[in-house]
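Quick notes on the structure that follows.
The values are calculated or read from the model by the stated rules, or taken from the named source; none is laboratory data. Just so it is clear, the model here is predicted, and its values are computed rather than measured. Glycine also receives a Cβ, built like all others from the backbone with ideal geometry; neighbour counts cover every protein chain displayed.
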Amino acid sequence: MMKLLLLGTAACHLCEDAEVIISHCQPLHPQLLVEHIDIAEATAWQARYAIRIPVLYHPPSQQELAWPFNQADVIHFIETINMTENYRIEKDSMGELNVPADALYGAQTQRAIDNFPISGLAMPPAFIKTVALIKKTAAQVNMQLGEQDTDTGNAVVAAAQLVIDGHHAEQFPIDVFQTGSGTSTNMNVNEVIAHLATELSGKAVSANDDVNRGQSSNDVIPTAIHISAAMQCHQQLLPALAYLAETLENKATSLDGVTKTGRTHLMDAMPVRMSQELGGWALQIRNGIARLNASLPRIYKLAQGGTAVGTGINAHPEFAARFAQLLSTETGLPFAVNESLFESLSCQDAVVELSGQMKVIAVSLMKIANDLRWMNSGPLAGLGEIELPALQPGSSIMPGKVNPVIPEATAMVAAQVIGNDATITIAGQSGSFQLNVMLPVIAYNCLQSIELLANVSRLLADKAIAGFVVRQDNLQQALAKNPILVTALNPIIGYAKAAEVAKAAYKQGRPIIDVAAEMTELSVAELEKLLEPGQLTCGGISG
């Protein structure tokens, strides 16, 4: 409800005109309440408005609209007051601007919101929490070094902890596609923490001078990329991959006695045990874990303390080392100051490397997902080797159809991660002189890849690998007629004769043992021993 006062007198014809104009505006603003004040009876208003009536007045803001005015003027006046009630004025080095009244952030965040309405994609919560962790740790170190008074420092620590705990997540709306250094996000966090710290301490806390003390966006954002990537790898991705590998290994063990037709070029080949096939998948995932662990030591190296260009200007000489030590204690991860802070600011090679390893994992998952889709194909006209768990109806028009939805989702995740890696690779090249200027998109894509791979790995394990059943009848039927089994006879009858037998068996559609018994001097008993599919999965030379 907005209340306005119409100041006038009962005998004023201009006031009557003003009433008519205002009445035409009220249908457009149904919450508008206009109270008529006769200044002839209200002495408090007479001195100021006796010769100026009619006047439309808003008491809370003390804004007024003096005669003459028309309907458009009144509507503009109402909208201006609405803006005043819903916004507050904030100021930065470029001047004043309106900020939502309930926002915890300030002018620099609002400028970024106004400047970058591009994608609607905000920085990931894990990244925002990591920037807050940097602010908390920096304040603790600055207090240790005597660079910040304890009242201000403790207020910053407490405010940062609120953000770390997930409070006020809606206060970080800046688009991923922003200034390439991530300055907008750094200042967003600085401003929110400064606002909260001011409320907590009862004293003014500055976003730049207090929350950002001894720091620059140019070292905060690269440091946040490394810390958040390391923490998410340890908390999400590595455990998920280990779970998938273990699920594959357990499934392989349970299927060790199952033999199937192997395939190369999608064509029938020599038999393999299903345990061998799944064991190959499991090692792909184990190797992916090893690749991540091999890359993480360079992710543990931090830029913090390099400030603007890597020289450490405006930071205490001991700040970087103490920051890394305190952060390691906080997180349990072996963070350390990078040997060259200039390297940390000017490039993102460590993250490009980590992303490359995630791309390898994505490729592995794509291969596994596609194998599962082929093995599940059918159920009548495909390979039909396995039956994946039925999770949902597969068609809006074909009743009874069930699709391999988890492998399909896995393949899409793999495609996204491979695309993310391409973006990170290009962004990693954008380190002109002392600073990389594609840091926000590197952070976003890296953390998205970690999250997607972690989530889909657990889904693949639980909803595809663990629950699929083998269609033994289909496997045995294909094995019995597989002419490629004749490969095992090469050392005995020679390649050329074996090829004749294989072609005849294929042409006649008969079991390979029956055809070989007719075309060679080997007995059926000998052939059954030589061509036993399970035995052929053990390798070696027959005879």
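Here are a few things to note about the model shown:
- Looking at 219, 151, just one residue is charged (D, E, K, R), farther than 19 Å from residue 325 by Cβ and in a helix (DSSP H, G or I), and that residue is 151.
- Filter result for residue 332 (small (Gly, Ala, Ser) and in contact with a Phe, Trp or Tyr (Cβ under 9 Å, 6 or more places away or on another chain)): no
- Any hit, region 204-214, residues being without any contact (Cβ under 8 Å) to a residue 24 or more places away in the chain and assigned to a helix (DSSP H, G or I): yes
- Filter result (in a loop (DSSP other than H, G, I, E, B) and crowded, with 24+ Cβ neighbours inside 10 Å) within region 183-203: none
- When residues of region 46-66 are limited to those that are surrounded by fewer than 18 Cβ atoms within 10 Å (Cβ to Cβ) and touching a helix residue (DSSP H, G or I) at 6+ places or on another chain (Cβ under 7 Å), the one farthest from residue 18 (Cα to Cα): 61
- Residues that are touching a helix residue (DSSP H, G or I) at 6+ places or on another chain (Cβ under 6 Å) and closer than 30 Å to residue 308 by Cα are absent from region 384-405.
- Where a residue in region 401-418 is in the same structural domain as residue 362 (by TED's automatic domain parsing) and within 15 Å of residue 464 (Cα to Cα) and its partner, wherever it lies, is of a type in the set (S, T, N, Q) and part of a helix (DSSP H, G or I), with Cβ under 6 Å and at least six apart: 404/376
- Candidates 163, 157: the one that is without any contact (Cβ under 8 Å) to a residue 24 or more places away in the chain and buried (at least 16 other Cβ atoms within 10 Å of the Cβ) is 157.
Residues checked against (1) farther than 14 Å from residue 466 by Cα; (2) outside any strand (DSSP E or B); (3) modelled with pLDDT of 95 or more:
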{"site": "224", "(1), (2), (3)": "yes, yes, yes"}
{"site": "232", "(1), (2), (3)": "yes, yes, yes"}
{"site": "249", "(1), (2), (3)": "no, yes, yes"}
{"site": "272", "(1), (2), (3)": "yes, no, yes"}
{"site": "275", "(1), (2), (3)": "no, yes, yes"}
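- Odd one out for residue 104, checked against (1) free of Cβ contacts under 8 Å to residues at least 60 places away in the same chain; (2) within 14 Å of residue 171 (Cα to Cα): (1)
- Put simply, of 391, 380, 345, 365 the only residue that is under 29 Å from the mean Cα position of the chain (by Cα), part of a loop (DSSP other than H, G, I, E, B) and among the aliphatic types (A, V, I, L, M) is 391.
- No other residue among 264, 253 is surrounded by fewer than 19 Cβ atoms within 10 Å (Cβ to Cβ), closer than 23 Å to residue 533 by Cβ and within 35 Å of the chain's Cα centre (by Cα) apart from 253.
- Looking only at region 501-519, and only at residues there that are small (Gly, Ala, Ser) and out of contact with any Ser or Thr (no Cβ under 8 Å at 6 or more places or on another chain), the one that is surrounded by the fewest Cβ atoms within 10 Å (Cβ to Cβ): 509
- Scanning region 1-26 for residues that are modelled with pLDDT under 85, under 17 Å from residue 71 (Cβ atoms) and part of a helix (DSSP H, G or I) yields a total of 1.
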